[in-house]
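Here's the structure we're looking at; comments come further down.
The values are calculated or read from the model by the stated rules, or taken from the named source; none is laboratory data. Here the structure is a predicted model, which means the values were calculated and not measured. Here the Cβ positions follow ideal geometry from the backbone for every residue, glycine too, while neighbour counts run over all protein chains shown.
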Amino acid sequence: MVAAALLFGTAAAFAPSPQTMARSRLFAAKQEPHGGSLVNLYLEEDAAKEAEIASCESTIEVTERQSCDIELICNGGFSPLTGFMDEESYKSVVESMRLPDGLLFSLPVVMDTDDESIGVGAKILLKQGDLPIATMEVSSKYEPDKPLECKQLYGTASLEHPGTQMVAWERGKYYLGGKLVGLNKPVREFPCESPAEVRERMPDGVDVVAFQCRNPVHRAHYELFTRALDAPNVAEDGVVLVHPTCGPTQPGDIPGNVRYKTYEVLKEETANPRVFWAYLPYSMHMAGPREAIQHMMIRKNFGCTHFIIGRDMAGCKSSIDGEDFYGAYEAQDFALDNGPMLGVDAVPSLNLVYTSEKGYITADEAKEDGLDALKLSGTKFRAMLRAGDEIPEWFAFKSVVEVLRQAA
């Protein structure tokens, strides 16, 4: 037996490597990555990382938004991108929602700076605090047309829109394009798996329905994404991936670390075998229809075949008059039109209401049956939280309410 082991090796010696297993799981998924292959820019060897760091001539300490973009470029969430967009790619995406090769891509991914000294050819170390997370070789430096960018992306150049505020006030004078090399994942208060890691956890060859959110999940949301598995375009063995964005959103939203805690307690409370959870280090733009397409594309890279499009998805209101920037079904219609080009099926969200007689049903059913829907606005809910009032269980899960009370 010993001689045989020496001659032929042990079973462990012939076991597939983690990289091979990851590739096998990737090919077992029903959904191929956007552009055909999943990008992974991370170096694994410490010596290679040290050499890459030593080759840099300057350093930029990145913002939280920039760190989200860097992570999604390096881990393949933004496949097929291998770096920040150069001027040609930026203009193409802004003006036509396409990369220069014609591939659908709805929002530009750019690195901004006010540093006049950085030029084309520079090698920059990108750091999150003291942690080196990537290097960037600058191939393009340009002054963007910010009013046109906002008009095309957000449908307005008004500073009433949080996306235009971000472009105008947060981003620097110049955009930098160039390839990245990944060094270390940014450190966050919530664990963010790569597309390859999420794909490894999904069942083989089944429909995967993605649910995007940026707020705590309440009862209506849970009913919405579990009932999506009964949609006529979803196979019977399908599963749901609840994939909240935990990066920066718009002012007034609940902080990402608090949202993460609500998701964790709900995952434990519901323990639904057909519901998977993962967290996305994504910076929201509140770009409505265009952002719906960006979310679909990202989830395609995470292995999802379907995507739930909610009413007012990624929408926002004027900071002056409170009017919506987008129509209630604008994102849904846009996703239904463009989803086939992505290879992702849109699943329009049901307009669910709660009735004391039948629980959650569609608004149309409630109207047909003459039933009154119980309502609780977000403003009223937050006031009840602050006052310590009892929150009705038809509206919110007790575990989620408890986390929100502790954070208030």
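Restricting attention to segment 127-177, the residues that are aromatic (Phe, Trp, Tyr), crowded, with 16+ Cβ neighbours inside 10 Å and over 24 Å from residue 74 (Cα atoms) total 1.
Output the residues belonging to segment 57-86 that are in a helix (DSSP H, G or I) and either free of Cβ contacts under 8 Å to residues at least 60 places away in the same chain or of a type in the set (D, E, K, R) (or both).
As a first pass, look at segment 57-86 and keep what is in a helix (DSSP H, G or I): 64-74.
Answer for segment 57-86, where residues must be in a helix (DSSP H, G or I) and either free of Cβ contacts under 8 Å to residues at least 60 places away in the same chain or of a type in the set (D, E, K, R) (or both): 64, 65, 69, 71.
Exactly one residue out of 331, 346 is touching a His at 6+ places or on another chain (Cβ under 9 Å), under 29 Å from residue 208 (Cβ atoms) and buried (at least 20 other Cβ atoms within 10 Å of the Cβ), and it is 346.
Among the residues of segment 354-380, how many are without any contact (Cβ under 8 Å) to a residue 40 or more places away in the chain and within 30 Å of residue 254 (Cβ to Cβ)? Before the answer, list the steps.
If we filter segment 354-380 for residues that are without any contact (Cβ under 8 Å) to a residue 40 or more places away in the chain, which is where we start, we get 355-359, 361-380.
Next cut, within 30 Å of residue 254 (Cβ to Cβ) only: 355-356, 359, 361-363, 366, 372-380.
Total meeting the criteria: 16.
Note on segment 289-330: among residues that are part of a strand (DSSP E or B) and in contact (Cβ under 8 Å) with a residue 40 or more places away in the chain, the one that is nearest to residue 205 (Cα to Cα) is 306.
Evaluate the following for residue 158: is it in a loop (DSSP other than H, G, I, E, B) and out of contact with any Ser or Thr (no Cβ under 7 Å at 6 or more places or on another chain)?
On the way: in a loop (DSSP other than H, G, I, E, B): yes; out of contact with any Ser or Thr (no Cβ under 7 Å at 6 or more places or on another chain): no.
For residue 158, the condition - in a loop (DSSP other than H, G, I, E, B) and out of contact with any Ser or Thr (no Cβ under 7 Å at 6 or more places or on another chain) - is not met.
Of the residues screened, residue 286 is not one that is in contact with a Leu (Cβ under 7 Å, 6 or more places away or on another chain) and crowded, with 21+ Cβ neighbours inside 10 Å.
Residues in segment 63-99 that are farther than 18 Å from residue 285 by Cα and among the hydrophobic types (A, V, I, L, M, F, W, C) were compared, and the one that is surrounded by the fewest Cβ atoms within 10 Å (Cβ to Cβ) is 99.
For segment 332-384, the tally of residues that are part of a helix (DSSP H, G or I) and of a type in the set (D, E, K, R) stands at 9. Would you confirm whether any residue within segment 237-247 is surrounded by fewer than 18 Cβ atoms within 10 Å (Cβ to Cβ) and either in contact with a Lys or Arg (Cβ under 8 Å, 6 or more places away or on another chain) or within 30 Å of residue 339 (Cα to Cα) (or both)? Scanning segment 237-247 turns up at least one residue that is surrounded by fewer than 18 Cβ atoms within 10 Å (Cβ to Cβ) and either in contact with a Lys or Arg (Cβ under 8 Å, 6 or more places away or on another chain) or within 30 Å of residue 339 (Cα to Cα) (or both). Looking at this structure, is residue 316 surrounded by 14 or more Cβ atoms within 10 Å (Cβ to Cβ) and modelled with pLDDT of 95 or more? So residue 316 does not fit the description; no. Here is a list: 30, 49. Which entry is part of a helix (DSSP H, G or I) and either more than 22 Å from the chain's Cα centre (by Cα) or in contact (Cβ under 8 Å) with a residue 40 or more places away in the chain (or both)? The conditions single out 49.
Among residues belonging to segment 349-385 that are charged (D, E, K, R) and under 14 Å from residue 218 (Cα atoms), point out the one that is surrounded by the most Cβ atoms within 10 Å (Cβ to Cβ).
Restricting attention to segment 349-385, the residues satisfying the condition of being charged (D, E, K, R) are 357-358, 364-365, 367-369, 372, 375, 380, 382.
With under 14 Å from residue 218 (Cα atoms) added as a condition, the list becomes 375, 382.
On the way: 375: 9, 382: 13.
Filtering segment 349-385 for residues that are charged (D, E, K, R) and under 14 Å from residue 218 (Cα atoms), the one surrounded by the most Cβ atoms within 10 Å (Cβ to Cβ) comes out as 382.
Taken over segment 261-283, the residue count meeting the criterion of being in a helix (DSSP H, G or I) and surrounded by fewer than 19 Cβ atoms within 10 Å (Cβ to Cβ) is 6.
Being touching a helix residue (DSSP H, G or I) at 6+ places or on another chain (Cβ under 6 Å) and assigned to a strand (DSSP E or B), is that true of even one residue in segment 140-149? Steps first, answer last, please.
Initial filter on segment 140-149 (touching a helix residue (DSSP H, G or I) at 6+ places or on another chain (Cβ under 6 Å)): 140, 142, 146, 149.
Those left that are additionally assigned to a strand (DSSP E or B): 140, 142.
Yes, segment 140-149 contains a residue that is touching a helix residue (DSSP H, G or I) at 6+ places or on another chain (Cβ under 6 Å) and assigned to a strand (DSSP E or B).
Would you be able to say whether some residue in segment 201-216 is among the basic types (Lys, Arg) and out of contact with any Asp or Glu (no Cβ under 9 Å at 6 or more places or on another chain)? So far as segment 201-216 goes, no, none of its residues is among the basic types (Lys, Arg) and out of contact with any Asp or Glu (no Cβ under 9 Å at 6 or more places or on another chain).
Which of the residues that make up segment 177-208 are aliphatic (A, V, I, L, M) and farther than 13 Å from residue 277 by Cβ? Don't jump to the end; show me each part of the working.
So in segment 177-208, the residues aliphatic (A, V, I, L, M) come out as 180-181, 183, 187, 196, 198, 202, 206, 208.
Matches in segment 177-208: 180, 181, 183, 187, 196, 206.
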